[in-house]
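Below you'll find the structure, written out as C-alpha cells, and then a few comments.
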Amino acid sequence: MSCVMLFGVIASQSVNAQEWDAPGSGKVIYPSGRAEDLSFGFAYQKNFDSFIFSAGEANLRTEEMPPNYILNVIINKEGLIYIAEFADGFFESFELNLGGHYLAIKPRKAFDEDEPYKHLVVHVDDMSYLIDTTHPSLKFVFSDDGIKDIDGVGLIRDLSSRR
C-alpha cells in the first residue's frame, strides 16, 4: 500500500510567538506483540532571523508559528493502525506522552471485521473517544507556550469510561 505523509501545517498570524519545546516519548505495539520506542514531539525554535517548526523528524522554516498540526490516522480492514510519523507500517496500538499530554489508541474489545475500527479507543489526557471512521485525525492546537489542546475528527466521546 502506498501511503503519503501529509505535513498538516497551516500558517497563522502570530506576531510575538515564543520559543517552546514539547518532547514526546512512548511505545508502538505491533501485532506480533513486539514493542518499539516512539519518539515524536513538537518544537518551535528561533534560528537566526526566522523560526523552525518541528513535528517529529520533519522541520519547516517559518516566520509565523502554525496554529495546529494534523496527524492523519489510517485503520485498515484488519483493524491495524497506520500513522506515517510513527512507524513504517501498520501497528496494533500506541501510547505517547507528549508535551504534558497523554495520547493513545488501544484496543478496547474484540475485533469485528464488519467494523474494523470499532474495537479501538482513543485516549487524550483523561478523556476516551470511540472511533467513527477508518480515517480519523488528531489535531494538535498550539499556543505561544506549546500544545494548547488535542482535538479529533472522526471521534465520538466515550461516556462509559475514563482513563
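The values are calculated or read from the model by the stated rules, or taken from the named source; none is laboratory data. Small disclaimer: the values here were computed from a predicted structure and weren't measured. In this analysis, Cβ positions are derived from the backbone assuming ideal geometry, glycine residues included, and neighbour counts consider all displayed protein chains. Heads up: the accessible areas ignore ligands, DNA and RNA and are worked out on the full protein's heavy atoms, side chains in. Shrake-Rupley method; radii C 1.70, N 1.55, O 1.52, S 1.80 Å.
Among all residue pairs at least 6 apart or on different chains, which show Cβ distances below 7 Å where the first residue, located in region 61-83, is closer than 12 Å to Val141 by Cβ and the second is open to solvent by 50 Å² or more (accessible area, probe 1.4 Å)?
Pro66/Ile10; Pro66/Ala11; Pro67/Ile10; Asn68/Ile10; Asn68/Lys139; Ile70/Lys139
For region 1-30, which positions are at pLDDT 95 or above, assigned to a loop (DSSP other than H, G, I, E, B) and touching a Leu at 6+ places or on another chain (Cβ under 8 Å)?
The answer is Pro23, and nothing else.
Please state which one of Phe86, Phe90, Phe142 is under 20 Å from Glu19 (Cα atoms), buried (at least 17 other Cβ atoms within 10 Å of the Cβ) and of a type outside the set (Lys, Arg).
Phe142
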